[in-house]
1. For an R0 of 45 angstrom, estimate the FRET efficiency from the Cβ-Cβ distance between VAL52 and ALA324 and round to the nearest 0.05.
2. Would you compute, from DSSP H runs of 4+ residues alone, the mean residue ellipticity of the chain at 222 nm, taking -39500 (n - 2.57) per run and dividing by the full residue count, rounded to the nearest 500?
3. In sequence order, what are the phi-derived ³J(HN,Hα) couplings for the range 373-388 according to the Karplus relation 6.51 cos²θ - 1.76 cosθ + 1.60 with θ = phi - 60°, rounded to whole Hz, with x for glycine and proline?
4. If the cut-off is 17 Å between C-alpha atoms, which aspartates and glutamates fall inside it for LYS46, apart from same-chain ones fewer than 8 positions away?
5. Local charge sum around PRO117 (other residues, Cβ-Cβ under 10 Å, Lys/Arg +1, Asp/Glu -1)?
6. What distance in nm lies between label points placed 7 Å from Cα along the C-beta direction at ALA243 and ARG76?
7. Across the range 174-226, what fraction of all alpha-carbon pairs, as a whole percent, falls in each successive 10 Å bin from zero upward?
8. In degrees between 0 and 90, to the nearest 10, how far off the longest principal axis of the chain does helix 4-21 point, with axes built from Cα atoms?
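Every read-out reported here was derived from the displayed coordinates using simple, explicitly stated rules and does not represent laboratory data. Note that this is a predicted model, so its numbers are computed, not measured. Every residue, glycine as well, gets a Cβ built from its backbone with ideal geometry; the counts of neighbours run over all protein chains shown.
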Amino acid sequence: MESAQDATTEIGRRLRDLRRERGLKQSDLAGEGMSVSYLSLLESGKRPVTPVILRRLATELGCTVEYLRTGEHSDRERERQRELLLRLTVAELALRDGEYPAALAGCEELLAEQPPPAAETVRRVRQARADALERLGRPVEALAELQALGREPNPGPGSVQWLRLAVARCRCHLLAGEPASAVETGTAALAALDEVFAGPTEDHLGLGVALIEAYHRAGLLAHARELADLLLPWAERGTTTAARAAAFREAGRRARAGGDTALALTLNERALALPAADELGRLCGLLKAGYGALLLDEPKPDPARARAYLVAAARELAGPGGPADRAGCELNLARVALLLDELAAAAGHAHRALELAGDGPTGVAVRAWLQLGEARWLQGRGIEAAEALARVEQLLGSGEHGLSSGRDLAEAWRALGDLWLGQGRSDSAMSAYRLGLAAAGLAGAAPLRAMARPIAS
């Protein structure tokens, strides 16, 4: 039978844990009849809690008196928590189905609940909210949520929660036009993974895909190539479920030997949870797609080799990959076709990218219309080329183009200017160049005098 002192200690522990979960300081709960020092004594189990104080604390912490006393919820509260969890799964399904506004609205409603959901449910809600904000093109808000989640205790490298946060932070920095921050975040996370695992794992692959893009966008092509060269052999081996599970078990043994029981348990649970073949196939496809893009951006592009990787990537992404993943492959295959002077094929790939991603205000649409305009111009189909470029101008001028401000936007205006100039539309070209300079933060620069680069070579 539990003694009175044991009960007092357990109540104090629950008070402390709930307060911390709610992000509150002791001073936030102190007030009339209860000083900070008294609350500290309650939490340490050195003073019993009176019924009046217990009711007040339960109200402040958004729980029941019964939970503080026993650690168990009433039947009504258990049913309420199940209902809140159901609403969370509905929001997560909406996120998976691409219904991002509905997912965000569901998350906002859950976070406004009083008393709040259980701590683990709140964590999942905030992660889903960050994902929805990212998909809706609001990376700065998503980053704020992700940074807050990252400050909370978690099992660390090797856990799904840690990896999801690290990859999402890297992606959101990129979306916010901060490739240097994306590189810093990604390299730190990769170093942390290397301390846990003896060799590449699917976690390295998931983080590596995001980091390679960050290196690429930051202009660090040698770093991107080095990482891709490290991960590609592992991805191309077609690692079996048994081998993947063995890697997690071995990392778990090392963590246990080092005294990190929580991480060891997490890694063993990862081994038990395998397989996740669809996601692994998607990551392998994305890695090959990223490698193909790198080959196109080398000082001496290798379009034939790039095509081999991109075709393989498109095949692997046909099932598990989303429309945006496959559209990215089509955009790079269009680049390959333009470099090889296969103009009809280039136009076809650009059209397929638009079919996959839609003609809405997205970065994919901007790039696809640019490629289509270039292909039609080189084919001598000037009217169709002008129509495609006018669509680019419309998307970029609307301010809702899916491109982050800075380098990406400046490059899009520059490409548009080059194509207008090639068509003899010098006024339109100069307007595009000026807007590109403004996007790059060089609005006050001297008038552009350099000739445009060749459209395709």
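1. It comes to 0.20.
2. -24000 deg cm²/dmol
3. Here the 3J(HN,Hα) series is x, 5, 4, 5, 5, 5, 7, x, 9, x, 5, 5, 4, 5, 5, 5 Hz.
4. Once the sequence-local aspartates and glutamates are set aside, what remains near LYS46 is GLU2, ASP6, GLU10, ASP17.
5. +1
6. 5.8
7. Taking every Cα pair in the range 174-226, the percentages come to 27, 54, 18, 1.
8. Once rounded, one gets 20 degrees.
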